[in-house]
Amino acid sequence: MAVDLEFSPKTKRAAGERCCEPVVYPDVQREQAVRMAAVARALADPVRVQLVDVLRLHAGKVCVCELVPLFDLSQPTVSHHLKVLREAGIVGSERRGLWAYYFVIPGVLAELAAWLQ
């Protein structure tokens, strides 16, 4: 069975002219995408994922001195990972004397989780 295809010569489009209309447009606004990307970047390290998991499972605020023994890392390295998570807005901290206590900021992961579903 022969198929009859009609070919037309190629024509050059003007600069900036679209070849076709997009089928789907982004549902995420730019500002929201920037926030979610910052959270995703901060979670792109296994130690940080584990830190968030420990903080998420804990009922309250966790002292950094309680977190260090959980990892084969020095206290400054654990503190660096916590700083990255804090700067991304995933965890918050509170100073009590010499120690810092960390906690997951409620709802911050909900936006990312909702989008991923």
Query raised in the report: Taking only protein heavy atoms and a 1.4 Å probe, what accessible area per residue, in Å², does the chain have with all protein chains in place?
Result: 77
Query raised in the report: Measuring from centroid to centroid over Cα atoms, what is the spacing of segment 102-117 and segment 1-75 in Å?
Result: 14
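For n ≥ 4 DSSP H runs only, could you compute -39500 (n - 2.57) per run for the chain, divide by its residues and tell me the 222 nm figure to the nearest 500?
Theoretical 222 nm ellipticity from helices: -13000 deg cm²/dmol.
Counting only protein heavy atoms, what percent of the accessible surface of segment 30-116 is carbon or sulfur at a 1.4 Å probe?
That fraction is 59 percent.
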Report task. Apply the membrane-span-like helix rule to the chain: whole DSSP H runs, Cα extent along the own long axis of at least 15 Å, mean Kyte-Doolittle hydropathy at least 0.5. List the helices found. Result -> 46-57
Report summary line: Calc'd 3J(HN,Hα), segment 12-17, phi into Karplus 6.51 cos²θ - 1.76 cosθ + 1.60 (θ = phi - 60°), Hz, glycine/Pro = x, comes to 7, 7, 5, 4, x, 7
Report task. Just the Kirkwood number for segment 30-116, please: inverse of mean 1/r across all distinct Cα pairs, in Å, one decimal. Result -> 13.3
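The values are calculated or read from the model by the stated rules, or taken from the named source; none is laboratory data. It should be emphasised that the depicted structure is a prediction, and the values quoted were computed from it without experimental measurement. Surface accessibility is based on the protein's heavy atoms, side chains included, excluding ligands, DNA and RNA. Shrake-Rupley method; radii C 1.70, N 1.55, O 1.52, S 1.80 Å.
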